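Right, one structure below, let's go through it.
The values are calculated or read from the model by the stated rules, or taken from the named source; none is laboratory data. Every value quoted in this text rests on a predicted model; they were computed, and no experiment measured them. Neighbour counts are summed over all protein chains in view; Cβ atoms, including those assigned to glycine, are modelled from backbone coordinates with ideal geometry.
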Amino acid sequence: MVFRRLLRKRWVLGVVFGLSLIYFLSSTLKQEERTIRDRTLLEVRDSDHHIQWKIKFILGNSSRQISQCRNSIQGKSLLTDELGYVCERKDLLVNGCCNVNAPSSSQHVCTSCLANGCCSIYEYCVSCCLQPDKQPLLEHFLNRAAEGFQNLFTAVEDHFELCLAKCRTSSQSVQHENTYRNPQAKYCYGESPPELLPI
Amino acid sequence: MIVRLCLLVAFLGCRLPVVGTEEDSGPFSTPFPSPLNADALLSPNCSQLTLKLDFSTKVVKHEYIVVFNGYFTAKARSDFISSALRDVDAVNWRIVRRDNPASDYPSDFEVVEIRQDTRSSLLTLQDHPYIKRVTPQRMVLRSLKLTDRNTLHCFDTRWVQKWQSWQSSRPLRRTSLSLGSGFWHATGRHSSRRLLRAIPRHVAQILQADVLWQMGHTGSGVKVAVFDTGLSEKHPHFKNVKERTNWTNEKTLDDGLGHGTFVAGVIASMRECQGFAPDSELHIFRVFTNNQVSYTSWFLDAFNYAILKKIDVLNLSIGGPDFMDHPFVDKVWELTANKVIMVSAIGNDGPLYGTLNNPADQMDVIGVGGIDFEDNIARFSSRGMTTWELPGGYGRVKPDIVTYGSGVRGSGLKEGCRSLSGTSVASPVVAGAVTLLASTVLNRELVNPASMKQALIASARRLPGVNMFEQGHGKLDLLRAYQILNSYKPQASLSPSYIDLTECPYMWPYCSQPIYYGGMPAIVNVTILNGMGVTGRIVDKPIWQPYLPQNGDYVDVAVSYSPVLWPWAGYLAVSVSVAKKAASWEGIAQGHVMVTVASPAENDVSNTGEMTSTVKLPVKVKIVPTPPRSKRILWDQYHNLRYPPGYFPRDNLRMKNDPLDWNGDHIHTNFRDMYQHLRSMGYFVEVLGAPITCFDASQYGTLLMVDSEEEYFPEEITKLKRDIDNGLSLIIFSDWYNTSVMRKVKFYDENTRQWWMPDTGGANVPALNDLIAVWGMAFSDGLYEGDFTMADHDMYYASGCSIARFPEDGIVIAQTLKDQGLEVLKQETAVVENVPVLGLYQTPSDGGGRIALYGDSNCIDDSHRQKDCFWLLDALLQYTSYSMTPPSLTHSKNRVVPPTGTDRPLPQRLEGNHLYRYSKVLEAHLGDPKPRPLPACPHLSWAKPQPLNETAPSNLWKHQKLLSVDMDKVVLPNVRLYRPQVRPLSPGESGAWDIPGGIMPGRYNQEVGQTIPMFAFLGAMVVLSFFVVQLTKAKSKPKRRKPRVKRPLYLQQQQQQTPHSGKNPTV
């Protein structure tokens, strides 16, 4: 009986109602949030809307010690680690870093890269892109990233990921959809697409 | 050069016929009951019907079923039987006609009535090389009973079954690969007759995914990407959609077609039509618009994002014929090199061969073909070898595996389930299975595109009676793959894992023709899968070890291989040839090729370490003595060009929905029926993948050139003249070439944003004319079409040319045809009489060969063929090989005076054509393209044999399973082995397959997903209304009556409400 009476108290009911309302609103808003996230990937950003890029540039010198390296994984014979070293697969250490002392290893090399920022070997493109002096170029690019790239470059977390992603062939690399603009130098860290060669 | 244009997808709302909707319907019997609509059978008060099947058989007297080794046309079958029975005297026999729609297609059996001397004729029949067996005809009586029965289970959640399906025309470009369930053909290939109806069932349960679910594996922690038409946001079937992204030019993320939803559902649906891995992380990539358009550039960006997101499994139920789209192909390599397991649909262009779609035909991708629930290869499933390697090499085996792709149920566009057919359905079945499998592995480092593919193909169950270019390694077996994967050690393996050129039908076409001394080597293109690392190499050289006790020394083997195995795979091309000492020997020879693969050890502590793995490739061949010259035919593959890379238009201009000539024009792709026919006539057919200068003409009776698009080196023209003077014969099946028509069939390709102008006609007639000009012959640029009768055979001339010039002592046959050129150009119809279509000519030199020309190749080509003319090919071969002039042709009333061709100029090459871009003969030059210097003939370096004094295992296939895996050691808990794959239709069950039924205890109820806010809202509304009522009551009460001591509320209410209603509120 006491319980029943308690239930009839206006403030008790108010609390129940309030809690229900809060729960309802929060779960509805959660849904909304997800939708908004989807939308942002979809809608074209306003031109004056600048994206906050979460890029941390590793500026330290090459002797900095880190225990684990990410590397470019895919290479046929070469790999680039996140410090910008390019080495052969056999010179890769267990922690994923290039063996700095191996004769084939070298840091921030732009071998095979042209003046327009396009290279013929992916690993050298990444290594070149990791040069600290490429930072302004990349920031400039990020601030006016092409529409089609928004999905990609909003998800990039740091300099290394940016270079991995930027050097890949993309919609900017092709003419007539199924032909490279320049089959010789198709991996570009720079802003401009590869030079257009006639078919 | 081309890409993907939209294709027409028609939604066919085809509801299956409903049988027996009445609850108390009495027993009825129909010989072939239609599949029952489960929805209709669930009667309102939940009583259900049980179906009883009875059958009895009896032998039909005098009738026998003759089963052949392959599929042959009706004519070929009757030829075989008559040739087999020729020796038995005065046998009274006839073929029992089967008048059904299937009789237009090749079949592998015939019903024969034999009334006399049965025993001996049966024995002779069985001896024929193309007859597999002869069995008595049986009559089967089936009866079907429905009985009423009340069941305990009554499912309130009645789903609405949507028998929606869609049908696609042949994909022009990269298209999504699904089609209507109308393609539900029973091909009759199952080994034994079973009284089973294929009913759409839960594919995840049929593949026993529930066993893995019960063990707690549900795909959690695995990231799956679905590249398709998108997915709507609040679809009730999915609980873990991590992200949806759009890569198209349509501003939506939602699926407008249902294709993407279906595919995602097969992988990860958690309710109703259950997917394989409901807890996996879904990443939806919308790369295909509602109009079925997509571009390579969209894919490139989307794939980059998938790499960045570290996707584990990627399903691509999309494909197209353009394997020379380098940016796309390179990107797929890059994707798998980044450890993304890519599963793709092989294509819906079957049953024609040479129809594999990219990217499923790549070595690093798991290419999936479709079967129906009766384990027949689905008719639509693309098949045939890959055609990248032509003309010099030989195609790889694809698809890799097959699984259910016909009438599979998956998620509907907004809710509910639907059933769909196509390899785009089979692909997510494998992708879902792969996701589930990946989540079972403790050490995820071991899961990579190669190890997963190795596990799938090593565990696949081979279907009987189907060759490897249709079924790959066989049917997906989820549980065996689980066993293999969970005891997997990184290693290399081969696909196919052995070469047994005697094994029929699995090793078709190798088993269809033995090898002999002097013949072109048989090439088997083996794929090396390297589970040890993304990159690898072959150590030293592969070693050929012949088994001396098994005549291995009678075989020469040459091996070529990828210099680097990247990504995860490479090729190993084994050319097998007969040693000179076996020139007149007959028998079986065996040996093996040993390959050691090395990969940098990434997880090894020693940093210079390399992992190695050695695999053996057993080789078994049948050798026969070299057949006589007249029996040997050489097929010119070198001069056949195809799409891709260039626009080579179709050979039959009526086929407007298929503008391209893309099947490879090889005897084992779209000229397969012709090859089978020639083999059945006793000819040996070899393939020339090099210029005409590269073969010994004294070995061959006839050179067969069909539908050639390539130009000729001047050296080839002189060599051919010399060869024909020395007794080689030539048969040319030409095709149309008319520059006005070529200009007319150009089109603007939306996808490549450029005009597409054909580089040749159906064939390259000007080039052919250069080749045959020396004998005073030429084809015209006329374009003709029509039906006619030649030597009592009905013929159809589909877009062919005519003979413009022919030597006056030759035989020329003319026909009355329609001028199709006029029809194409001006839409006018004109009939032309006496069009010379066939010419036969004996060259004058002593012992010189013969030349036969025919103006149209469609009647021997499998694609778009309406009436075959294999009889004509036989007659021409009789003429060229044996110099027997067919009387039916020479004495024909259609014989005309050979044309001199002076009235009309000969066809010229289309001005400004780009053939030089794709030609192996021409190169760009100032002004007109010029021939390149003649390339050197391919030279095989035979491996130095290292003979072994050992004997091969008797079963090569069983012997070659994954090395480290002992299947018996890995035991599954609670495995209900041998669940029937297809059960007789019982309506009592039909409702049940939609209910997860405790498969994942708790989860189903826990994750009510979007219903929670609904409840909250309702609750809030109830509370709110109570308050409102209270407030209004409080207001209406006079202040003075408010008691100091509160009386129980319910009394107040009673007092207040009694005047209004008799009911007490029961709040």
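A few remarks follow.
- Residue count for segment A:6-24 satisfying the condition of being modelled with pLDDT under 80 and more than 8 Å from chain B (Cβ to nearest Cβ): 2.
- Per-region count, segment B:815-839, residues closer than 16 Å to B:Val897 by Cα and either surrounded by 23 or more Cβ atoms within 10 Å (Cβ to Cβ) or of a type in the set (S, T, N, Q) (or both): 8
- Taking segment B:796-844 as the range and being closer than 20 Å to B:Gln878 by Cα and part of a loop (DSSP other than H, G, I, E, B) as the test, the residues that pass are B:Asp809, B:Gly810, B:Thr843, B:Pro844.
- Segment B:844-860 residues that are within 13 Å of B:Leu703 (Cβ to Cβ), paired with ones that are among the acidic types (Asp, Glu) (beta carbon under 8 Å, 6 or more apart): B:Gly849/B:Asp723; B:Gly849/B:Asp725
- With respect to (1) touching a His at 6+ places or on another chain (Cβ under 7 Å); (2) modelled with pLDDT of 90 or more, the lone exception for A:Ser106 is condition (1).
- Qualifying residue in segment B:947-963 (condition: at pLDDT 90 or above, of a type in the set (A, V, I, L, M, F, W, C) and either more than 31 Å from the chain's Cα centre (by Cα) or more than 30 Å from B:Ser740 (Cα to Cα) (or both)): yes
- Highlighted here are the helices (runs of 4 or more DSSP H) found entirely within segment A:88-199 that include at least 1 residues which are over 30 Å from B:Gly320 (Cβ atoms), among the hydrophobic types (A, V, I, L, M, F, W, C) and more than 14 Å from chain B (Cβ to nearest Cβ): A:122-129, A:135-143.
- Residue tally, condition within 35 Å of the chain's Cα centre (by Cα) and either among the aliphatic types (A, V, I, L, M) or not in a strand (DSSP E or B) (or both), over segment B:783-795: 2
- Tabulated pairs, segment A:99-124, first in contact (Cβ under 8 Å) with a residue 60 or more places away in the chain, second basic (Lys, Arg) and in a helix (DSSP H, G or I), C-beta under 9 angstrom, 6+ apart or interchain: A:Gly117/A:Lys134
- Hey, B:Leu641 surrounded by 23 or more Cβ atoms within 10 Å (Cβ to Cβ), farther than 28 Å from B:Ala767 by Cα and at pLDDT 90 or above or not: no
- Residue match in segment A:39-47 (condition: modelled with pLDDT under 90, in a loop (DSSP other than H, G, I, E, B) and more than 14 Å from every other protein chain (Cβ to nearest Cβ)): yes
- The number of residues in segment B:802-811 being closer than 27 Å to B:Thr739 by Cβ and out of contact with any Leu (no Cβ under 7 Å at 6 or more places or on another chain) comes to 4.
- Residues located in segment B:317-357, provided they are small (Gly, Ala, Ser), on the phi < 0 side of the Ramachandran plot and either away from chain A (no Cβ under 14 Å) or under 11 Å from the mean Cα position of the chain (by Cα) (or both): B:Ser317, B:Gly319, B:Ser344, B:Ala345, B:Gly350
- A single member of B:Ser584, B:Ser606, B:Ser577, B:Ser613 is within 36 Å of the chain's Cα centre (by Cα) and either within 14 Å of another protein chain (Cβ to nearest Cβ) or modelled with pLDDT under 95 (or both), and it is B:Ser613.
- Yes/no for B:Ser698 being on the phi < 0 side of the Ramachandran plot, surrounded by fewer than 24 Cβ atoms within 10 Å (Cβ to Cβ) and more than 31 Å from the chain's Cα centre (by Cα): yes
- Hits in segment B:893-913 - residues which are modelled with pLDDT under 90 and under 18 Å from B:Arg743 (Cβ atoms): B:Pro905, B:Glu911, B:Gly912, B:Asn913
- Answer residue from segment B:916-936, given it is of a type outside the set (Lys, Arg) and outside any loop (DSSP other than H, G, I, E, B) and is farthest from B:Tyr643 (Cα to Cα) among those: B:Pro931
- Hey, A:Arg168 closer than 25 Å to B:Trp247 by Cβ and touching a Pro at 6+ places or on another chain (Cβ under 7 Å) or not: no
- For segment B:667-782, the strands (runs of 3 or more DSSP E) that sit wholly inside it and include 1 or more residues that are out of contact with any Phe, Trp or Tyr (no Cβ under 7 Å at 6 or more places or on another chain), under 29 Å from B:Leu906 (Cα atoms) and among the β-branched types (Val, Ile, Thr) are B:702-706, B:729-733.
- Residue match in segment A:168-187 (condition: surrounded by 22 or more Cβ atoms within 10 Å (Cβ to Cβ) and of a type in the set (Lys, Arg)): yes
- Among the residues of segment A:131-153, some residue qualifies, meaning at least one is buried (at least 21 other Cβ atoms within 10 Å of the Cβ), of a type outside the set (A, V, I, L, M, F, W, C) and within 28 Å of A:Gln68 (Cα to Cα).
- Yes/no for B:Phe288 being modelled with pLDDT under 95, in a loop (DSSP other than H, G, I, E, B) and of a type outside the set (Val, Ile, Thr): yes
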